[in-house]
1. Report Rg/Rh for region 72-136, rounded to two decimals, where Rg is the Cα radius of gyration and Rh the Kirkwood radius.
2. Order these by the 10 Å Cβ neighbour count, fewest first: 196, 85, 97.
3. Where does each of 162, 216 land when they are ranked from fewest to most other beta-carbon atoms within 10 angstrom?
4. Using a ≥ b ≥ c from the Cα gyration tensor of region 150-201 (square roots of the eigenvalues), is it rounded, prolate or oblate, where a/c under 1.5 gives rounded and otherwise the larger of a/b and b/c decides, a/b for prolate?
5. Tell me, 78, 220, 5 in order of fewest to most beta-carbon neighbours within 10 Å?
6. Need the C-alpha centroid separation for region 59-74 versus region 123-159, integer Å.
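Values in this text are rule-based calculations from the coordinates and carry no lab data. Keep in mind the model is a prediction, meaning the values are calculated, not measured. Quick reminder, even Gly has a Cβ in these numbers, built from the backbone with ideal geometry, and neighbours come from all protein chains shown.
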C-alpha cells in the first residue's frame, strides 16, 4: 500500500490541476484535509507531522501544521502561490529542517535528511523538474532503484518495470535531456517509484503539461 500526497496550485480564480483532483475522487480512496490539531496516535504505516513550522528570517512560510498521512490514501494539499505548500513538502521529505515541530515515519521521529527519509519509505518529485539530463533515461531510474536493490541487474530490471509503467521503456537508452517535457515529468515519477516508497510526495506533478499529457499522467497514477 502507498500514500500519495499531491501539491496542487490554486489560482485566485479557481483551481489549476483539476484533473489531478480526479485521483482524490476515486472510490475507496480517502482525501485528508490539513488540520492544526496534532494526531491522536501514530501507527507503523503513517507519515506524521506535529506542530510543523518553518521560518525564513521574518517570513513565516509554514505555521504550526499537524498532519497524519496513512498508506492506501490520497491527499491533496491545495493553496495559492506562496502558501507554503512546497516548503511543507520539503519538510515532509526531509529536504529542509523545520524551525519547530517534528516529522515521523512509521512512528520514528526523523531528523532532516532526504537520504534517510528515502530509506524510510518517503519519495518525492519536484515542482521544477530535476532529472539528470546527461544520463540515460534508464540510468536516471537505476540511481534510485540501487538504493533498495544493491544488485545492478535486479536494479535495472526494477527500473525498466517503472519505465514501462510510465510508458517510457522505449526511451531507456536515450539521454534524459531528449525527452519531451511531459515525459520528463513521468521520468521523475518513475524514479520516485523505483524507491518502492510507502509515501509518494508529488509537487504539482502536472505543472506545465498540456491536457493530453495531464490526462495520461492521471491515468497512470490512478493505478499506483
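1. Value, to two decimals: 1.00.
2. Fewest to most other Cβ atoms nearby, the residues stand as 97, 196, 85.
3. 216, 162
4. It is oblate, given that a/c is not under 1.5 and a/b is not larger than b/c.
5. Arranged by neighbour count, lowest to highest, 78, 220, 5 become 220, 78, 5.
6. Each part reduced to its Cα centre gives a spacing of 27 Å.
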